[in-house]
1. Could you say which residue among Ala28, Ala43, Ala3 is of a type in the set (Gly, Ala, Ser), touching an Asp or Glu at 6+ places or on another chain (Cβ under 9 Å) and free of Cβ contacts under 8 Å to residues at least 60 places away in the same chain?
2. Any chance you could count how many residues in region 52-78 are surrounded by fewer than 10 Cβ atoms within 10 Å (Cβ to Cβ) and not in a helix (DSSP H, G or I)?
3. Just the residues that are under 12 Å from the mean Cα position of the chain (by Cα) and either within 23 Å of His48 (Cβ to Cβ) or in contact (Cβ under 8 Å) with a residue 12 or more places away in the chain (or both), please, taken from region 65-98.
4. Among the residues of region 19-48 satisfying the criterion of being polar (S, T, N, Q) and touching a helix residue (DSSP H, G or I) at 6+ places or on another chain (Cβ under 9 Å), which is farthest from Met88 (Cα to Cα)?
5. Restricting attention to region 14-30, and to residues there that are aliphatic (A, V, I, L, M) and modelled with pLDDT under 90, which single residue is nearest to the chain's Cα centre (by Cα)?
6. Hey, could you check region 33-51 for residues that are at pLDDT below 85 and surrounded by fewer than 10 Cβ atoms within 10 Å (Cβ to Cβ) and say which is farthest from the chain's Cα centre (by Cα)?
Amino acid sequence: MLAFITFSEAYIVSLTCSKYTASSVFEAFLLTVSAFLGMTWYAIRTKHDITLFYSVMSGVAMMMFGLILSLIFLPPTSFGWFMLEILMVIMSLVYVAIDT
């Protein structure tokens, strides 16, 4: 089952990457790796208790839920999709810091 999921995800990623130029895929890869390494470095080096971010994450999750509902039931706008993407990036980066 895990092998099927892994190969399916690899196939989807390969199809998505084939739609873009190699330089833009590489730029996205570098941006993702640098963001992940930066948040991991912050989580390891910080003296602050970052478990307090759980409350921030619940607030971001609620904003995402409301935004998804508005995008489903109201006419979708490019600004709404942009805000949803920004919230997803924030949520994933904070989860990296909390989980490390």
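The values are calculated or read from the model by the stated rules, or taken from the named source; none is laboratory data. These figures come from a predicted structure and were not determined experimentally. Cβ: placed from backbone, ideal geometry, glycine included. Neighbour counts: every protein chain shown.
1. Ala43
2. Residues in region 52-78 being surrounded by fewer than 10 Cβ atoms within 10 Å (Cβ to Cβ) and not in a helix (DSSP H, G or I): 2 in total.
3. Across region 65-98, the qualifying residues are Leu84, Leu87, Met88, Val89, Ile90, Met91, Ser92, Leu93, Val94, Tyr95, Val96.
4. Looking at residues that are polar (S, T, N, Q) and touching a helix residue (DSSP H, G or I) at 6+ places or on another chain (Cβ under 9 Å), I get Thr46.
5. So, considering only residues that are aliphatic (A, V, I, L, M) and modelled with pLDDT under 90, the one nearest to the chain's Cα centre (by Cα) is Ala28.
6. Lys47
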